[in-house]
2 protein chains.
Amino acid sequence: MTNEATKSARKSALKPADRRAGARAPASSKPKPASNRAERAAERRGAIIAAAMDEFIARGFAATRLDDIAKRAGVAKGTIYLHFKDKESMFEELIRTAIVPLVTRLWATPPQPGASVRDMVEGFAKTFIEEVAATRRGDLVRLIVAEGPRFPEVADFYYREVVSRGLAGMRALIELGIARGEIQHKNLARFPQIMVAPALIAVIWQSLFSRHAPLDALEMFRVHLDLIFGERRTA
Amino acid sequence: MTNEATKSARKSALKPADRRAGARAPASSKPKPASNRAERAAERRGAIIAAAMDEFIARGFAATRLDDIAKRAGVAKGTIYLHFKDKESMFEELIRTAIVPLVTRLWATPPQPGASVRDMVEGFAKTFIEEVAATRRGDLVRLIVAEGPRFPEVADFYYREVVSRGLAGMRALIELGIARGEIQHKNLARFPQIMVAPALIAVIWQSLFSRHAPLDALEMFRVHLDLIFGERRTA
DNA sequence: CATTTATGACTGACTGGTCAGTCATTGTCA
DNA sequence: TGACAATGACTGACCAGTCAGTCATAAATG
């Protein structure tokens, strides 16, 4: 048709890259009729986020290529820029959107009124180790440790949303334990970091040394709790 | 995929220009007079290592530019290649040469025969916190945590030379403590990581959060020791 | 309902800049 | 002076970010 002719006339002089229509075709055979436009956009955004997560975790910020993220997400590179301003803000937003549900999940521990402080801490640690240390989320923590100094905003956000809240909560728990007589060491409330330390060790260990020597993180944490609450277990 | 292949291909199919690095070695065992020339070469090498250290710590492996290292070392870029095969092996060698003296220094703690196990551990921690956590060396540890997964050889080396030895030594100390009756928790010997955990926390904290909230690492460690050895201090 | 027009999500070739690694040339010591 | 050390301009690969063009879908129209 005339239309056709005019259209191709303009750009036409180049490579046989015009089977454009065909190029997109392979995807067309997909059995996915994601009808709504907004839906598809959201799907794509999600795919980009997941892909970027994997790539950043595997390679770090600087060594990650946007081409690889695009390829992994099944999307053209330009599409990424429809959702994110640039690589850096993508990284920052990524971390933020990943941390929120993580924290939410961790604080979703059922606060059973009858439970001892030790049980609460142990349950918390169990969740953390199972949901974070033993999974890809753990690498997220390592990624923050790795890139934090170069992304002050990420470090700020992480401190504000995770570290300071987490430590405050832990301190409250410790004080409760002291008040109830479960914990003898009053000074512990001054350094809630101590309570949490083995959990962080576990995360790092999984990433770096699990292939050298596996670590039973939960068992380690229980031993640690024995130090704080006194021996209890028989295993 | 093509990218990946090309990249590694390039790497392994290098030109035979590599005996550079090896050429340096023979000098060491030779009865060569410490000429002005050799001295200067060693000096330059040291300057390059120091500069590279700073840059890698500040920016991470991928984002560090050799031009910057050269400039900081007061040397032309080509000179770097007289001492190191390429960026990657420079990084690995760097870590190795930095770790050895670090470990040496740490194990140089005077083993006073009359000291209690607690004193020994505390002295050790004091050295570590003062010499590592509070200095640029601490960032080296963070650097290893950050880049370890991408440099398996570095992680291997670190595990072999630092982690496994350190833990073995700590375990021996714990067992001594148990034998002497200073430590009640026998299970602690199964997880020497627990003894060390707050020290690692301190390193990470200094790098990421010291500007949000300063941490008295030594005091924290003392409180931690109170958990293990029982209260002792009056502060 | 069928057809035309408008929209904007999506694409990927392309650009401009960056940087690891090279090597012909220049400098320096023994 | 001969041998080796040092230099830094240069090369080629690589990659973040752009934008002209495409096309499926939605809105408007008859």
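The values are calculated or read from the model by the stated rules, or taken from the named source; none is laboratory data. The shown structure was predicted, so the numbers you read here are calculated from the model rather than taken from an experiment. As a convention, Cβ positions derive from the backbone with ideal geometry for all residues, glycine included, and neighbour counts pool all protein chains shown. Ligands, DNA and RNA are stripped out before the accessible areas are found, and what is left, the full protein with its side chains, is counted by its heavy atoms. Shrake-Rupley method; radii C 1.70, N 1.55, O 1.52, S 1.80 Å.
Using the structure shown, decide if A:A63 is closer than 19 Å to A:L140 by Cβ, within 14 Å of chain B (Cβ to nearest Cβ), touching a helix residue (DSSP H, G or I) at 6+ places or on another chain (Cβ under 8 Å) and within 16 Å of DNA strand C (Cβ to nearest atom).
Numbers: closer than 19 Å to A:L140 by Cβ: yes; within 14 Å of chain B (Cβ to nearest Cβ): yes; touching a helix residue (DSSP H, G or I) at 6+ places or on another chain (Cβ under 8 Å): yes; within 16 Å of DNA strand C (Cβ to nearest atom): yes.
Criteria met by A:A63.
I'm checking my understanding of the structure. Among residues of the range B:102-128 that are under 21 Å from B:I144 (Cα atoms) and of a type outside the set (F, W, Y), which one is surrounded by the most Cβ atoms within 10 Å (Cβ to Cβ)?
B:A125
For the range A:66-91, how many residues are more than 9 Å from DNA strand C (Cβ to nearest atom) and assigned to a loop (DSSP other than H, G, I, E, B)?
Residues meeting the conditions: 3.
Would the range A:121-128 turn up any residue that is of a type in the set (D, E, K, R), part of a helix (DSSP H, G or I), more than 13 Å from chain B (Cβ to nearest Cβ) and touching a helix residue (DSSP H, G or I) at 6+ places or on another chain (Cβ under 7 Å)?
Yes: the range A:121-128 contains one or more residues that are of a type in the set (D, E, K, R), part of a helix (DSSP H, G or I), more than 13 Å from chain B (Cβ to nearest Cβ) and touching a helix residue (DSSP H, G or I) at 6+ places or on another chain (Cβ under 7 Å).
Given the conditions (1) near DNA strand D (Cβ under 8 Å from one of its atoms); (2) among the hydroxyl-bearing types (S, T, Y); (3) within 19 Å of A:D139 (Cβ to Cβ), which single one is not true for A:T97?
Against the list (1) near DNA strand D (Cβ under 8 Å from one of its atoms); (2) among the hydroxyl-bearing types (S, T, Y); (3) within 19 Å of A:D139 (Cβ to Cβ), A:T97 comes up short only on (1).
Within the range A:174-190, is there a residue that is touching a His at 6+ places or on another chain (Cβ under 8 Å), charged (D, E, K, R) and within 8 Å of chain B (Cβ to nearest Cβ)?
The answer is no, given that none of the residues of the range A:174-190 is touching a His at 6+ places or on another chain (Cβ under 8 Å), charged (D, E, K, R) and within 8 Å of chain B (Cβ to nearest Cβ).
Restrict the check to the range B:129-144 and report whether at least one residue is open to solvent by 20 Å² or more (accessible area, probe 1.4 Å), at pLDDT 95 or above and facing another protein chain (nearest Cβ under 9 Å).
no
Among the numbered criteria (1) within 9 Å of chain A (Cβ to nearest Cβ); (2) touching a residue at least 40 places away in the same chain (Cβ under 8 Å), which one does B:Y159 miss?
(2)
Only one of these is under 26 Å from B:E147 (Cβ atoms), without any contact (Cβ under 8 Å) to a residue 60 or more places away in the chain and among the aliphatic types (A, V, I, L, M): A:I69, A:I57, A:I99, A:I95. Name it. Even if it seems obvious, please write down each step before you answer.
Working: A:I57 fails: without any contact (Cβ under 8 Å) to a residue 60 or more places away in the chain; A:I99 fails: without any contact (Cβ under 8 Å) to a residue 60 or more places away in the chain; A:I95 fails: without any contact (Cβ under 8 Å) to a residue 60 or more places away in the chain.
Result: A:I69 is the single residue among A:I69, A:I57, A:I99, A:I95 that is under 26 Å from B:E147 (Cβ atoms), without any contact (Cβ under 8 Å) to a residue 60 or more places away in the chain and among the aliphatic types (A, V, I, L, M).
Mind checking whether some residue in the range B:163-186 is on the phi > 0 side of the Ramachandran plot and not assigned by TED's automatic domain parsing to the domain that holds B:I49?
Yes.
From the set of residues in the range B:191-204 that are more than 7 Å from every other protein chain (Cβ to nearest Cβ) and open to solvent by less than 20 Å² (accessible area, probe 1.4 Å), which is nearest to B:H224 (Cα to Cα)?
Taking the candidates together, the pick is B:M195.
Run down A:A63, A:A58, A:A76 and say which single residue is near DNA strand D (Cβ under 8 Å from one of its atoms) and either under 19 Å from A:S207 (Cβ atoms) or in the same structural domain as A:Q206 (by TED's automatic domain parsing) (or both).
A:A63
Out of everything in the range A:66-94 that is within 13 Å of another protein chain (Cβ to nearest Cβ) and of a type outside the set (D, E, K, R), what residue ends up being surrounded by the fewest Cβ atoms within 10 Å (Cβ to Cβ)?
Going through the qualifying residues, I end up with A:L66.
Would you be able to tell me the number of residues in the range A:211-224 that are part of a helix (DSSP H, G or I) and surrounded by fewer than 20 Cβ atoms within 10 Å (Cβ to Cβ)?
2
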